[in-house]
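Accompanying notes for the structure given below.
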Amino acid sequence: MKKVLLCFIGVIIFSDLFSQDTLTKNYWTDGTAFTIPKHRWEPGLFTLSRYGITNKLELSAHPLMVFLMPQVKIKAGWGEYSGFRLATEHGIFYPTQFMRLVSSKGTGGLISPEFTIPQMFAISNRFLVSYRPFKNVILTAHAGMTFAVKFGPLDKRTTIDLPILYTRLAVFYNEPASDAGLDFRGQFIPRLGWLFNVENFFIWGTAENYLLENKGVLAYTSKKETLRIEAGYKLCFGKYPAGPQWHLLPVIDLIFGIGH
């Protein structure tokens, strides 16, 4: 184990000494306190698409889910202090239409149609701090809170005990929710990067109060920063109403880049 750790550290130091500072130039900064440049647009196939309103203000949304489960976020960069870059992220999430759509019997039905899904939305706020221990490595810590607003009662029997979905919807049954995590990313060579992060979610007011998501991917960025290909895994653990469960999911995505 010690040999593996030493080799990993050696790769980081080697890439730091012999490669250019291309990590932020390649705009691989989602999940960090860095923002993309003004007028830069990064539409993703499965992840949130990002747009640089200014050099310190970034808008993100999911165009494919906008009519089913809209989610919009704004990230504001607050500058760098003693090597630590600071940012805040503020979002709104509206799942009502999606939950009503899957309230049916038979194939595609995740919720019994006997239950009424009220109008509701969640507001999230997150604080991010990024630090660069090496030139082409970014370490980010983040913590946040999410609050739900409901215009009517929501029966707890309507929970969807599936990875990723339950994590985002649990706040509507037991609010508020908090999260904290670490994001560690860097580059082996200028165009080939790696990412490893861990996110912890804590749901207040229930025994099923802890969820975890761990993501690891490799990413290739094209020479002109017009395409990034990501592939890896996502490991999820959740204390669901039906009991604790683990899930291992494949991750693949294409992120296109327009503008600089």
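Values quoted throughout were computed directly from the atomic coordinates according to the rules given, and no laboratory measurement underlies them. Note that the structure is a prediction, hence the values are computed from the model and not measured. We place every Cβ from the backbone using ideal geometry, glycine too, and count neighbours over all the protein chains shown.
This table checks each residue for (1) in contact with a helix residue (DSSP H, G or I) (Cβ under 9 Å, 6 or more places away or on another chain); (2) closer than 22 Å to A141 by Cα; (3) not hydrophobic (A, V, I, L, M, F, W, C).
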position: Y51; (1), (2), (3): no, no, yes
position: K75; (1), (2), (3): no, yes, yes
position: Y81; (1), (2), (3): no, yes, yes
position: A87; (1), (2), (3): no, yes, no
position: H90; (1), (2), (3): no, yes, yes
position: F93; (1), (2), (3): yes, no, no
position: Q97; (1), (2), (3): no, no, yes
position: L101; (1), (2), (3): no, no, no
**Q.** Selected residue (criterion: farthest from E89 (Cα to Cα)) from residues of segment 121-144 that are crowded, with 17+ Cβ neighbours inside 10 Å and among the polar types (S, T, N, Q)
**A.** N136
Q.
K215 - would you say it is within 23 Å of V102 (Cα to Cα), among the basic types (K, R) and assigned to a strand (DSSP E or B)?
A. no
Q. Across segment 201-215, which residue is nearest to T32 (Cα to Cα) among those that are surrounded by fewer than 16 Cβ atoms within 10 Å (Cβ to Cβ) and either under 16 Å from the mean Cα position of the chain (by Cα) or of a type outside the set (A, V, I, L, M) (or both)?
A. F202
Q) Filter segment 68-94 for residues that are in contact with a strand residue (DSSP E or B) (Cβ under 8 Å, 6 or more places away or on another chain) and in a loop (DSSP other than H, G, I, E, B); which is surrounded by the most Cβ atoms within 10 Å (Cβ to Cβ)? A) M69
Q: Considering only segment 202-260, state which residues are at positive phi and touching a residue at least 40 places away in the same chain (Cβ under 8 Å).
A: E225, G259
Q.
Let me spell it out: the conditions are (1) outside any strand (DSSP E or B); (2) touching a residue at least 40 places away in the same chain (Cβ under 8 Å); (3) among the polar types (S, T, N, Q), and Q97 meets all of them except one. Which number is the exception?
A. (2)
